[in-house]
Structures are given as C-alpha cells and as structure tokens.
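A quick write-up on the structure given underneath.
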Amino acid sequence: MMILSGDPPRSRVLSILLVVIIAALVVTPLVFPGAKAMNVATKICIFAALVASYDLLLGYTGSVSFAHTMFYGIGSYSIAIALYSMGPTWAAVATGIVIGLPLALLLALAIGLFSLRVEAIFFAMITLAVASAFLVLASQLSWLTGGEDGRSFQLPELLRPGTVLISKGVFGFELNGRVLTYYVIFAGSAAMILALLRVVNSPFGRVLQAIRENRFRAEALGFRTVFHLTYANCIAALVAASAGMLNALWLRYAGPDTSLSFAIMLDILLMVVIGGMGTIYGAIIGAAIFILAQNYLQALMGAASNAAADAGLPLLPGLLHPDRWLLWLCRGRCRTAIAAGTVASGPLAALARAAVYRQRLFLSDRRRGTVAKRRPQADLRSSPAAR
C-alpha cells in the first residue's frame with residue numbers, strides 16, 4: 001500500500017473498477033492496435049492526470065480556477081516550439097521541459113500570490129482573464145506559436161511509428177515507436193497521479209482540506225493559508241503542464257483548439273463532477289467514463305435505437321436516439337451537482353448551467369438540421385448563465 005500512500009480505494013466496487021480500467025489501458029496497444037482505440041486510451045491517460053491536478057484545486061482547496069488549460073497549453077507549446085525550432089532530437093525535448101515547467105510554475109506562483117489573498121470568486125475571475133489573454137496571445141504570435149494553425153513537428157526517431165523495436169513474429173505483436181510513446185504517456189500519467197495521491201495524503205494535504213472546510217479557523221490555528229493555496233496551485237500547474245507535454249508528444253501538434261480551448265476546461269469540469277470532487281481515484285473513473293462515452297456511446301445508442309425500431313418496440317427508439325447521449329451525460333451530472341449544492345453558486349455553477357443550456361441548443365438545432373451553422377462559442381456566450 002506504500003505506492004498508494006496508505007490510501008487504497010475504500011470500496012470493493014471502486015477497486016474492481018480501477019483495476020479493470022488500468023488493465024484495459026495496459027493491454028490496449030496489444031489487443032486493440034487500431035488508431036481510434038489507441039487515441040482513446042491515450043486521451044484517458046492524459047486527462048486522468050489533468051483532471052486529478054484540477055481536483056487538487058477544486059476538490060481539496062475549494063478554489064475554482066479557469067487557468068488550468070493555460071498551464072496545459074504552456075506544456076504543449078513548449079514541447080512543440082522546441083521540437084519545431086531545434087529539430088526532432090532529445091535535446092529539443094529536454095529544452096521544452098526545462099522551459100515549459102518553470103514557466104508554468106512562475107505563472108502559477110504569480111497568480112496565486114496576487115489573487116489567493118482575497119475571496120475565491122476573485123481568484124476565479126483573475127484566472128479566467130489570464131487564460132483568455134494567453135489564448136489571444138498564442139493566436140496572435142504567429143512567428144512563435146504558428147497562430148491559429150499551431151505547430152506541427154516530428155518526434156525523435158525512437159518514438160516514430162515507423163521505428164520497429166520488436167517485430168510481430170517474436171511475441172505475436174509489434175512494438176513500434178507509436179506503442180512506445182503510448183507506454184511513456186501511460187507511465188508518466190501514472191507517476192503524476194501517484195504523486196498527487198501522496199500530496200493529498202500528506203500533512204500538507206490535510207491542511208488543504210482544513211482550509212476548504214473553514215479558512216478562517218485554519219488561519220486561527222496558525223496555518224499560512226495563502227502559502228498552502230499557492231503551493232497547491234503551483235503543484236496543479238506543474239502536473240497540468242506535464243500532461244500538456246504528453247499530449248503534444250502524442251499528437252505531434254500543438255494549437256489553440258487542442259491545448260487552450262475553453263471546451264477543454266468544460267470537459268475537465270465535467271470529468272471532475274462525474275468522478276467526484278475531492279478524490280484522486282475519481283479523476284481516473286471520470287476521465288474513463290466521459291471519454292469512452294464521448295467516442296463510443298453515441299454509436300452504441302444508435303445501434304440500440306435502430307434495433308429497438310426494427311423490433312417494433314414503442315418509446316425505446318426515441319429514448320435511445322444518439323442525439324440524447326451527451327444530454328444525459330452532461331446535463332444530468334450538472335443538474336445533480338447543482339441540486340446537491342456542490343456547485344450551488346459562483347462561476348462553477350455558471351459554467352455547469354452553461355453546459356446544460358449549450359446541450360439544449362445542440363439538440364434543438366439537430367432537430368432543425370442546423371447544428372452545423374451554429375458556433376458552440378456563440379451558444380455559450382448567449383446563455384443566461386454565462387451572462
């Protein structure tokens with residue numbers, strides 16, 4: 001239990017579910033070598049670490065930050081710019097890491113010291129403003145970031161798909177550079193999640209929970225709350241930047257849509273709510289459920305709807321129609337969180353209600369056949385919660 005920092009899953013069902021998810025991620029390249037399965041498994045690994053780092057802020061300190069995608073983008077762009085400028089070498093990868101992680105750390109430190117001394121609502125507003133400014137900056141600095149087109153690059157030869165390390169005739173499967181990259185990402189994500197698990201089960205993590213429950217009482221006991229909150233913000237930023245680096249290595253690309261989009265922040269929030277706030281294990285489950293549903297549930301429900309229609313069953317074809325799956329996953333969880341009071345007020349509640357409103361617009365537009373003409377960003381801005 002030392003590897004889990006003395007905090008194993010507290011129920012047998014949770015333990016079995018985690019074992020199934022981890023085992024599936026381990027064997028995916030060997031059993032399902034297709035591109036889609038590999039992409040889905042990689043995204044689960046990356047977002048599990050990213051969501052766990054955000055849960056350190058939201059679940060353990062009660063701080064709502066909208067700058068998490070900014071740190072994620074810093075990690076992606078640092079690797080992309082280094083490999084694009086210096087060529088596909090390990091020295092370029094090391095340069096991106098050396099530049100990206102300290103930059104994310106310094107920005108998190110500055111944001112924390114200047115905004116965590118006041119109420120949480122001001123911290124959320126400041127992080128939203130900084131993240132928006134960084135997105136505009138990344139889109140405008142075409143000479144550095146590639147602007148809206150982003151930066152594509154090549155990986156070192158060892159990580160390229162054409163590099164065959166073990167031929168298929170030896171063990172029955174082929175180990176190439178793409179599979180090696182996947183296992184590097186899997187190992188990196190697992191290490192970050194275990195490190196966060198150690199943080200939340202340390203005395204420092206207990207202080208964070210005390211601050212979340214009653215900040216005034218924690219200050220009265222002599223704890224420096226600003227220091228602890230800033231330290232947690234820095235740790236979360238480092239993990240988010242590292243996850244962004246892994247994402248860039250897998251995609252061989254970094255751009256505003258894949259690294260800095262507000263939609264990524266919305267996905268992170270939904271994964272935290274699905275998995276449960278205040279639990280690192282919930283980040284793994286939330287990421288797995290959301291990403292699997294995002295990629296496979298629509299097709300499965302479409303097949304079930306068609307089968308029910310062919311069988312002549314009443315009501316079921318409409319209930320299982322694929323246009324409804326994201327509504328159930330997103331709106332149901334957001335409404336549950338709002339009703340339970342976990343996001344009763346503040347910017348987090350506004351974001352959750354905006355997600356509900358956005359899915360209503362999506363379904364109504366699909367029925368009219370005009371969903372392709374509507375921009376999701378405009379839908380979000382026009383929602384009552386966003387205003």
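The values are calculated or read from the model by the stated rules, or taken from the named source; none is laboratory data. What you see is a predicted model, and the numbers here were worked out from it, not measured in a lab. Cβ: placed from backbone, ideal geometry, glycine included. Neighbour counts: every protein chain shown.
Things worth noting here:
- Hits in region 293-309 - residues which are under 21 Å from Met271 (Cα atoms) and of a type in the set (S, T, N, Q): Gln294, Asn295, Gln298
- Which numbered condition Phe47 fails, given (1) farther than 28 Å from Leu128 by Cβ; (2) in the same structural domain as Val200 (by TED's automatic domain parsing): (1)
- Beta carbons closer than 8 Å, at least 6 apart along the sequence or on distinct chains, pair a first residue in region 123-147 that is under 23 Å from Asn233 (Cα atoms) with a second that is at pLDDT below 90 and exposed (fewer than 15 other Cβ atoms within 10 Å of the Cβ) for Ala124/Gly346; Ile126/Phe114.
- Among (1) surrounded by fewer than 22 Cβ atoms within 10 Å (Cβ to Cβ); (2) in a loop (DSSP other than H, G, I, E, B); (3) assigned by TED's automatic domain parsing to the domain that holds Ile185, the one test that Arg10 misses: (3)
- Residue list for region 131-169, restricted to those being hydrophobic (A, V, I, L, M, F, W, C), out of contact with any Ser or Thr (no Cβ under 9 Å at 6 or more places or on another chain) and farther than 19 Å from Ile79 by Cβ: Ala133, Val136, Val164, Leu165, Ile166
- Qualifying residue in region 40-59 (condition: touching a residue at least 12 places away in the same chain (Cβ under 8 Å), surrounded by fewer than 22 Cβ atoms within 10 Å (Cβ to Cβ) and either of a type in the set (Ser, Thr, Tyr) or in a loop (DSSP other than H, G, I, E, B) (or both)): no
- Candidates Ala254, Ala287, filtered to the one that is outside the structural domain of Ala67 (by TED's automatic domain parsing) and crowded, with 22+ Cβ neighbours inside 10 Å: Ala287
- Residue identified as over 18 Å from the mean Cα position of the chain (by Cα) and either acidic (Asp, Glu) or under 18 Å from Arg252 (Cα atoms) (or both) among Gly147, Gly75, Gly112: Gly147
- Verdict on Phe134 being more than 23 Å from Lys43 (Cβ to Cβ), assigned to a helix (DSSP H, G or I) and of a type in the set (Phe, Trp, Tyr): no
- Residue within region 96-109 that is closer than 23 Å to Gly278 by Cβ and at pLDDT 90 or above present: yes
- Evaluation of Leu56 against (1) out of contact with any Ser or Thr (no Cβ under 9 Å at 6 or more places or on another chain); (2) under 20 Å from Phe134 (Cα atoms) (one fails), failing number: (2)
- Going through (1) surrounded by 13 or more Cβ atoms within 10 Å (Cβ to Cβ); (2) at pLDDT below 90 one by one, Val93 falls short only on (2).
- Val179 passes every criterion in (1) touching a Pro at 6+ places or on another chain (Cβ under 6 Å); (2) outside any loop (DSSP other than H, G, I, E, B); (3) loosely packed, with under 15 Cβ neighbours inside 10 Å apart from (3).
- Wholly within region 211-283, helices (runs of 4 or more DSSP H) carrying at least 1 residues that are in contact (Cβ under 8 Å) with a residue 60 or more places away in the chain and within 15 Å of the chain's Cα centre (by Cα): 225-251, 256-259, 262-275
- For region 139-154, filtering for residues that are closer than 12 Å to Ile81 by Cα and surrounded by 16 or more Cβ atoms within 10 Å (Cβ to Cβ) leaves 5.
- Within region 299-310, none of the residues are assigned to a helix (DSSP H, G or I), touching a Lys or Arg at 6+ places or on another chain (Cβ under 7 Å) and touching a residue at least 12 places away in the same chain (Cβ under 8 Å).
- Scanning region 23-38 for residues that are without any contact (Cβ under 8 Å) to a residue 12 or more places away in the chain and in a helix (DSSP H, G or I) turns up Ala23, Val27, Val31, Ala35, Ala37.
- Ser65 satisfies every condition listed in (1) part of a helix (DSSP H, G or I); (2) surrounded by 23 or more Cβ atoms within 10 Å (Cβ to Cβ) except (1).
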